[in-house]
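Structure first, then comments.
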Amino acid sequence: MEITRSLIVPAAELHWRFSRSSGPGGQGINTTDSRVQLAVNLSTLSTLSPEQLGRMQIQLAHRLVDGMITVTASDMRSQLRNRRSARARMSALLRDALLTEPRKRRPTTATKGSHRRRLEGKKQRAQTKNLRKKPDI
């Protein structure tokens, strides 16, 4: 599977799993395993340099499960089309993670207006809670 011109994921490192789809398929939906799950283990990917691996792990941290990236396709009726779709999605996902650099945080401070509005809101909530109290007799 080609990610970029210089990066290709070998077919041996792709993990395929098939199951029954809940999508389109008519009567054949109950008998064919047209849903496709494609998984790639980033930590054992032999074609990645350490820098590329680090960048991908940062970019895809929210999608990593035990070092594996998983993509599911069940849009089409045939398993072959779903395999192509899953391969294209995985390729796009890895390409985007590899080519985009993480944004650096720009330190900021609260503005005077936001500080004032926050304090006014706190005073208003305190006043509302004071009004809920039972009156002193």
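The values are calculated or read from the model by the stated rules, or taken from the named source; none is laboratory data. Not measured: the values here are computed from a predicted model. As a convention, Cβ positions derive from the backbone with ideal geometry for all residues, glycine included, and neighbour counts pool all protein chains shown. These area figures cover heavy atoms from the full protein model, side chains too; ligands, DNA and RNA do not enter into them. Shrake-Rupley method; radii C 1.70, N 1.55, O 1.52, S 1.80 Å.
What do you reckon, is D136 at pLDDT below 90, open to solvent by 100 Å² or more (accessible area, probe 1.4 Å) and either outside any helix (DSSP H, G or I) or more than 30 Å from L42 (Cβ to Cβ) (or both)?
Yes.
Do we have any residue at all in segment 14-25 that's free of Cβ contacts under 8 Å to residues at least 24 places away in the same chain and touching a helix residue (DSSP H, G or I) at 6+ places or on another chain (Cβ under 8 Å)?
Checking segment 14-25: at least one residue is free of Cβ contacts under 8 Å to residues at least 24 places away in the same chain and touching a helix residue (DSSP H, G or I) at 6+ places or on another chain (Cβ under 8 Å).
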